[in-house]
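What follows is a set of notes on a single structure, which appears directly below.
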Amino acid sequence: MENVAKKSLETTPTQMVMVSDLEGTVKGALDVRGRRHIINSLISGAIAGAVAKTTVAPLDRTKIIFQVSSRGFSAKEVVKLIYQTYRNEGFFSLWRGNSATMVRVVPYAALQFCSHEQYKQILGSYCGTHGRPLPPFPRLLAGALAGITATTVTYPLDLVRARMAVTPKEMYGNILHVFIRISRDEGLKTLYSGFSPTILGVIPYAGLSFFTYETCKKLHAEYTERPYPYPHERLLFGACAGLIGQSASYPLDVVRRRMQTAGVQCRKYSGIIETMRHIVAEEGSIAGLYKGLSMNWLKGPIAVGTSFTTFDLMQILLHKLQDQGTFQR
């Protein structure tokens, strides 16, 4: 009897091989799923950023022009500037610098959304949430880390885009020309001019944006008992996220634009505090540091809402296409 029991408990070499093969298959499937998730996040993020930024490019360019000059800001002045730009330079000049924006925003958005998904997984495994929404602080931290990661990698492209937005097309012919002239005339270090206020600004901006959007989706699921919001609801959640995130970090956005364009404005700023002092002394604290904020309240919610919604819908679409492909095979 004992021998029979022992035999039943013993694992044969064939069984061991089968178990090993099964473990390898499961591990391989998880690796493939992980790689697919990263690729999906990169593609969805890139498309989301491109769609959102192209939608608001004319307003974005106008806002930058006001941010880097001492020109008084008002709705009337905004309309006047857009009309003058259209009359003097043509309709498509309203999108001047958008090619540089695309070169920056596609890798930036791809990295930001993809890294956010990865940080959520890492923090989720640490907190033991197992796929459920993160607690409030890790939710905020995941967004902030995603913003820092994307900004650090793509910052020179943001500086190039700001230079192209505030200069006539005769000064810089294309993106490569901007890089060459800055490197030759001002030094390579200039490509990271304004980096400090950007990082300080991106922590509350990205952190609060992702936090607000994820929180809205969590509360929506709890209140409606629907796991996924409708597209118009996603747009609304993204708009709220953009409004809160951009309002919190706006003064640092003004400071970084001044530092980025100092070379073409014949000025020099040694740091964040000096730049802030200069803006306040010339234009006042509210009028200077919050110049163009009302335009951001229009532009920001549209851009962020479009970005988050496009990302989510692209993720759903790519997952469906992959599931159909798997089923067909």
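The values are calculated or read from the model by the stated rules, or taken from the named source; none is laboratory data. Source: prediction; values computed, not measured. Here the Cβ positions follow ideal geometry from the backbone for every residue, glycine too, while neighbour counts run over all protein chains shown. Side chains are part of the model used for accessible areas, which takes the heavy atoms of the whole protein and leaves out ligands, DNA and RNA. Shrake-Rupley method; radii C 1.70, N 1.55, O 1.52, S 1.80 Å.
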>> Out of the total accessible area of the range 70-149 (probe 1.4 Å, heavy atoms of protein only), what percent is carbon and sulfur?
In response: 65 percent
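Considering only protein heavy atoms and a probe of 1.4 Å, how much of the accessible area of the range 176-295 is carbon and sulfur, as a whole percent?
Details: 3920 of 6070 Å².
The C+S portion of the solvent-accessible surface of the range 176-295 is 65 percent.
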>> Only sites in a loop by DSSP and with at most 15 other Cβ atoms within 10 Å count here; which trypsin sites (Lys or Arg not before Pro) in the range 227-306 make the cut?
In response: 267, 268
> Can you give the accessible area per residue of the range 96-200, in Å², using a 1.4 Å probe?
Replying inline: 46 Å²
> If 130, 220 are ordered by their accessible area, calculated over protein heavy atoms with a 1.4 Å probe, which sequence runs from highest to lowest?
Replying inline: 130, 220
> Hey, if we sort 113, 91, 195, 137 by accessible area with the 1.4 Å probe, largest down, what's the order?
Replying inline: 137, 91, 195, 113
>> Taking the solvent-accessible surface of protein heavy atoms with a 1.4 Å probe, what is the per residue accessible area of the range 207-329 in Å²?
In response: 51 Å²
>> Among 198, 208, 231, whose Cα projects farthest towards the positive end of the dipole of the range 97-246, with charges put on the beta-carbon of Lys, Arg (+1) and Asp, Glu (-1)?
In response: 198
